[in-house]
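Read the structure below first, then the notes.
Each reported figure results from applying straightforward, stated rules to the coordinates on display, with no laboratory input. Just so it is clear, the model here is predicted, and its values are computed rather than measured. Methodologically, a virtual Cβ is constructed for each residue, glycine included, from the backbone with ideal geometry; neighbour enumeration extends over all protein chains shown.
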Amino acid sequence: MADAARPLDALPLLGLDIGTKRIGVAVSDRLGIGARGIARLSRRDRLWPGKLRDIIEAYGVRGIVVGLPRNMDGSEGVQAADARAAVRELRAFIELPVAFQDERLTTWLAKERLYAQGLSARKVAERVDQTAAAIILEDFLQLHPELRRS
């Protein structure tokens, strides 16, 4: 669900996989077909919202899709509350529309995707957050084909 006042209606979009330690960052292409991981930020770095603002400006991002870590039964727990709190913190720096996307199993899918590329466990650990962010964004784009440009 996007902000009621400002729906996501323009590309490119930024995808975020917000964890307690790290934030995976991905950006969509300008056609709304795919996404690619571009960064991994430390959540413990108090400057992370400003760093995201710099990324947003560099890529011309028009909206943000945040992974919402739901429990397997669909309910929201502590991790979902933490992701929502991070978004509230981010909104003090950024005035873009934000939508949440169910992120169940995205970390597992990201690891599978990276191991399938033949990467070592160390490389997988380095890239899993931004790859999960790309999967979150790809899932959102698939659910919203009206955003695609032809």
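Using alpha carbons only, what's the Rg to Rh ratio of segment 73-150 with Rh from Kirkwood? Reported Rg/Rh, Kirkwood definition of Rh: 1.02. Segment 129-148 and segment 6-46 have their alpha-carbon centroids 9 Å apart.
Based on Cα contacts under 8 Å between residues 6+ apart, the chain shows a relative contact order of 35 percent. Three principal axis extents of the chain based on alpha-carbon atoms, in descending order, are 42, 37, 35 Å.
Where nothing but the Cβ of Lys and Arg (+1) and of Asp and Glu (-1) is charged, how large is the charge dipole of segment 13-145 around its Cα centre, in debye to the nearest 20? Numbers along the way, then the final one.
Numbers: 21 positive and 17 negative charges, 93 e Å.
Around 440 debye, computed over segment 13-145.
A simple count of charges around GLU103, restricted to other residues whose Cβ falls under 11 Å of its Cβ and scoring Lys, Arg +1 and Asp, Glu -1, yields -1.
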